[in-house]
Amino acid sequence: MHISPRIQFSLKLALMGVVMAAIFVADTATSYEVAAAVFYTVVILTAVRVLSRRALIALAVICIVMTAVSLAFTPHGNLRSGLINMGISIVAIVMTTYLVLKMEAARTAAHEAQAHLMRIARVKSMEALTTSIAHEVNQPLAAIVTSGNACQRWLGQEPPNLDKARQALDRILSDAGRASNIIARVRSLTRGEPPHKSKFDFNKAILEIIALSQAEMERNGIRLVMELSPDLPLAIADQIQIQQVVGNVVLNAIDALAPVPAPMRSIRITSETRGNAIVLAVSDTGIGIPAEVYEHLFEAFWTTKEEGIGVGLSISRAIIEANGGQIWAARGEHGGAVFRFSVPIASQEKRQ
């Protein structure tokens with residue numbers, strides 16, 4: 001049987017009235033030496049969940065008045081002891097009411113602070129999601145712009161080079177699809193959804209991403225060395241997410257080479273099998289990473305770049321760990337830095 005909130009409230013008030021009446025009778029019927037009025041504090045402690053602040057203060061005043069009236073009607077005992085007990089009971093009622101009100105005020109403030117923090121967390125979560133998506137889609141969008149410019153040049157020739165223009169348009173469609181997939185994967189990652197794992201050719205996936213970065217490497221005079229193991233087994237992971245990580249790491253390597261003289265700029269990419277995982281390493285001949293920076297490399301919104309936003313490596317770590325791998329950084333053997341990450345092997349069968 002369902003009881004409405006109004007009826008429940010009325011029943012609680014009635015129960016408090018009965019208890020207060022019982023305390024009044026007990027305090028009046030006993031001698032002055034018995035301080036039964038102190039039990040009004042129990043009523044106040046119980047009423048804090050039912051009454052508002054003003055109503056609770058009014059209840060305390062009523063309890064004080066009932067205590068004084070009870071003293072006047074008490075028939076026997078030592079009056080001096082009765083006055084002392086009445087004073088003790090009134091002080092107990094006042095102090096209990098004061099402490100209860102303070103406790104409720106603190107609880108209300110804590111709830112408001114918690115709600116405020118939850119609102120901030122939601123806003124920050126949206127900011128992080130927006131920043132992550134903006135960071136991740138930057139590469140395919142840049143590739144779309146490059147292909148669009150190339151397409152314009154091919155169409156602007158006399159006669160137009162339609163084959164080259166068609167190839168550029170195919171690249172635009174491919175990059176647009178990749179950007180859409182990246183947005184979907186980043187949103188899934190922020191919601192804690194598991195990656196869309198499947199078996200795939202690891203080297204082929206790596207080469208697809210490197211092809212998008214080669215124009216940038218050539219523009220910056222960077223020599224690329226590829227040493228991909230030819231007999232890798234199939235990887236098991238979310239291919240789109242793994243390609244995101246490769247793109248992030250390669251772009252970081254390109255940025256790290258900016259202060260280095262052009263003849264010394266070089267990026268080396270290797271893949272190999274280690275135990276039950278495939279390990280990719282991207283090393284550069286840049287200025288390297290200071291020792292005190294390594295512990296912060298994969299922290300969100302921490303960056304040493306003047307125009308960086310510090311989400312690339314933190315997203316990369318989240319992606320790799322979600323796919324069952326690990327990512328780490330170290331100093332390069334000949335200077336610079338090397339980033340490595342592992343991806344689980346699908347089976348022990350070598351790809352054909």
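Taking segment 48-63 on its own, how many of its residues are open to solvent by less than 30 Å² (accessible area, probe 1.4 Å), at pLDDT 85 or above and among the aliphatic types (A, V, I, L, M)?
So in segment 48-63, the residues open to solvent by less than 30 Å² (accessible area, probe 1.4 Å) come out as 48, 56, 59-60, 63.
Retained after the next criterion (residues that are at pLDDT 85 or above): 56, 59-60, 63.
Okay, now just the ones that are also among the aliphatic types (A, V, I, L, M), so 56, 59-60.
Number of matching residues: 3.
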Tell me whether segment 278-288 contains one or more residues that are closer than 19 Å to GLY325 by Cα, of a type outside the set (S, T, N, Q) and modelled with pLDDT under 90.
no
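This table checks each residue for (1) under 32 Å from the mean Cα position of the chain (by Cα); (2) within 26 Å of GLY148 (Cβ to Cβ); (3) open to solvent by less than 20 Å² (accessible area, probe 1.4 Å).
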| position | (1), (2), (3) |
| --- | --- |
| GLN214 | no, yes, no |
| PRO230 | no, no, no |
| GLN244 | yes, yes, yes |
| ILE254 | yes, yes, yes |
| THR285 | no, no, no |
If we ask which residues in segment 142-169 are in contact (Cβ under 8 Å) with a residue 60 or more places away in the chain and open to solvent by 70 Å² or more (accessible area, probe 1.4 Å), their number turns out to be 1
* To do: Take VAL43 and decide whether it is hydrophobic (A, V, I, L, M, F, W, C), surrounded by 12 or more Cβ atoms within 10 Å (Cβ to Cβ), free of Cβ contacts under 8 Å to residues at least 24 places away in the same chain and part of a helix (DSSP H, G or I).
  => no
Scanning segment 49-105 residue by residue, those over 15 Å from ALA35 (Cβ atoms), in contact with a helix residue (DSSP H, G or I) (Cβ under 6 Å, 6 or more places away or on another chain) and not in a helix (DSSP H, G or I) turn out to be VAL50
SER31: passes all of (1) in a helix (DSSP H, G or I); (2) more than 42 Å from the chain's Cα centre (by Cα) but (1)
Of (1) at pLDDT below 85; (2) loosely packed, with under 14 Cβ neighbours inside 10 Å; (3) in a helix (DSSP H, G or I), GLY17 fails just (1)
Filtering segment 315-338 for residues that are farther than 17 Å from ILE278 by Cβ, touching a residue at least 40 places away in the same chain (Cβ under 8 Å) and in a helix (DSSP H, G or I) leaves a count of 2
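For every residue, the table says whether it meets (1) modelled with pLDDT under 90; (2) surrounded by 19 or more Cβ atoms within 10 Å (Cβ to Cβ); (3) within 30 Å of ASP231 (Cβ to Cβ); (4) over 33 Å from the mean Cα position of the chain (by Cα).
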residue: ILE269; (1), (2), (3), (4): no, yes, yes, no
residue: GLY275; (1), (2), (3), (4): yes, no, yes, no
residue: SER316; (1), (2), (3), (4): yes, yes, yes, no
residue: GLU333; (1), (2), (3), (4): yes, no, yes, yes
Those residues of segment 70-85 which are closer than 26 Å to LEU13 by Cβ, surrounded by 14 or more Cβ atoms within 10 Å (Cβ to Cβ) and of a type outside the set (Gly, Ala, Ser) amount to LEU71
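The values are calculated or read from the model by the stated rules, or taken from the named source; none is laboratory data. Keep in mind that this is a model prediction, so the values were computed, not measured. FYI the Cβ positions are ideal-geometry reconstructions off the backbone, even for glycines, and counts take in every protein chain you see. Note: areas computed on protein heavy atoms with side chains; ligands, DNA, RNA excluded. Shrake-Rupley method; radii C 1.70, N 1.55, O 1.52, S 1.80 Å.
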